[in-house]
Amino acid sequence: MSVTGMTETTQYLTFKLEEEIFALDISKVREVLDFTTITKVPRTPEFMRGVINLRGNVVPVVDMRLKFGMTKTENTVHTCIIIVEINLDGETTVLGALADAVQEVIELGTEQIEPAPKIGTRLRTDFIQGMGKRDEGFIIILDIDKVFSADELSLVQEAEGGISGNS
């Protein structure tokens, strides 16, 4: 079989925020948890809901809806926390991403992914890896490493260090 005839496919975990469907490269996802008690950390940004205990480790949890300018995530039977690994300056940070619901793992070929839309210079879209075409709709494929700025992630790491340093 010739290599030129093959198309590259990547697996993505899809999840919902309000009515929109987003996707993360499955290689960035560690696991998906049911919603659990989140301990609020004082003086953190509103989108950072707090921390959870994941097998003895402190993991910061970010409300993806708030991060993207939507309303706060309400706790339902479908609400879940997607545990992801983010690279920041060559260092791996584990983070929980709060989502309305996880849907499924899908495969998308390169021919099914359009580049991120260019919306001028004032709106930041560099965290959108592309737009996946599926059926009649689009799936917003996130580059999770770029969703959070270095400053935001340092706040998350400080919160993580502050909690684990106190125990």
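Taking the criterion of being part of a loop (DSSP other than H, G, I, E, B) and under 15 Å from residue 143 (Cα atoms), the only residue of region 64-73 that qualifies is 68.
Of all the listed residues (73, 110, 79), the sole one being polar (S, T, N, Q) and over 15 Å from residue 36 (Cβ atoms) is 110.
Let's see how each residue does on (1) in a strand (DSSP E or B); (2) closer than 19 Å to residue 143 by Cβ; (3) out of contact with any Pro (no Cβ under 7 Å at 6 or more places or on another chain):
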{"residue": "31", "(1), (2), (3)": "yes, no, yes"}
{"residue": "62", "(1), (2), (3)": "yes, yes, yes"}
{"residue": "75", "(1), (2), (3)": "no, no, yes"}
{"residue": "86", "(1), (2), (3)": "yes, yes, yes"}
{"residue": "106", "(1), (2), (3)": "yes, yes, yes"}
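Taking the criterion of being over 24 Å from residue 127 (Cα atoms), at pLDDT below 95 and surrounded by fewer than 19 Cβ atoms within 10 Å (Cβ to Cβ), would at least one residue in region 56-73 satisfy it? Checking region 56-73: at least one residue is over 24 Å from residue 127 (Cα atoms), at pLDDT below 95 and surrounded by fewer than 19 Cβ atoms within 10 Å (Cβ to Cβ).
Would you be able to tell me the number of residues in region 53-88 that are in contact (Cβ under 8 Å) with a residue 60 or more places away in the chain and either out of contact with any strand residue (DSSP E or B) (no Cβ under 8 Å at 6 or more places or on another chain) or at positive phi (or both)? Number of matching residues: 2. Is it true that some residue in region 34-52 is in a strand (DSSP E or B), in contact with a Gly (Cβ under 9 Å, 6 or more places away or on another chain), touching a residue at least 60 places away in the same chain (Cβ under 8 Å) and crowded, with 19+ Cβ neighbours inside 10 Å? Within region 34-52 (the criterion being in a strand (DSSP E or B), in contact with a Gly (Cβ under 9 Å, 6 or more places away or on another chain), touching a residue at least 60 places away in the same chain (Cβ under 8 Å) and crowded, with 19+ Cβ neighbours inside 10 Å), the answer is yes, since at least one residue qualifies. Under the condition of being within 17 Å of residue 140 (Cβ to Cβ) and free of Cβ contacts under 8 Å to residues at least 40 places away in the same chain, the residues counted in region 5-29 number 1.
Condition check: under 30 Å from residue 42 (Cβ atoms), at pLDDT 95 or above and not aromatic (Phe, Trp, Tyr). Does residue 155 satisfy that? Give the steps one after another, and end with the answer.
Numbers: under 30 Å from residue 42 (Cβ atoms): yes; at pLDDT 95 or above: no; not aromatic (Phe, Trp, Tyr): yes.
In short, no.
Look at region 107-133: where a residue is among the charged types (D, E, K, R) and at pLDDT below 95 and a partner is loosely packed, with under 13 Cβ neighbours inside 10 Å and not in a loop (DSSP other than H, G, I, E, B), sitting 6+ places away or on another chain with Cβ atoms under 8 Å, you get 133/114. Of note, residue 102 satisfies the criterion of being out of contact with any helix residue (DSSP H, G or I) (no Cβ under 9 Å at 6 or more places or on another chain), part of a strand (DSSP E or B) and within 25 Å of residue 125 (Cβ to Cβ).
The values are calculated or read from the model by the stated rules, or taken from the named source; none is laboratory data. The model shown is predicted, which means the values in this text are computed figures rather than measured ones. Reconstructed Cβ throughout: ideal geometry from the backbone, glycine too, with neighbour counts over all protein chains shown.
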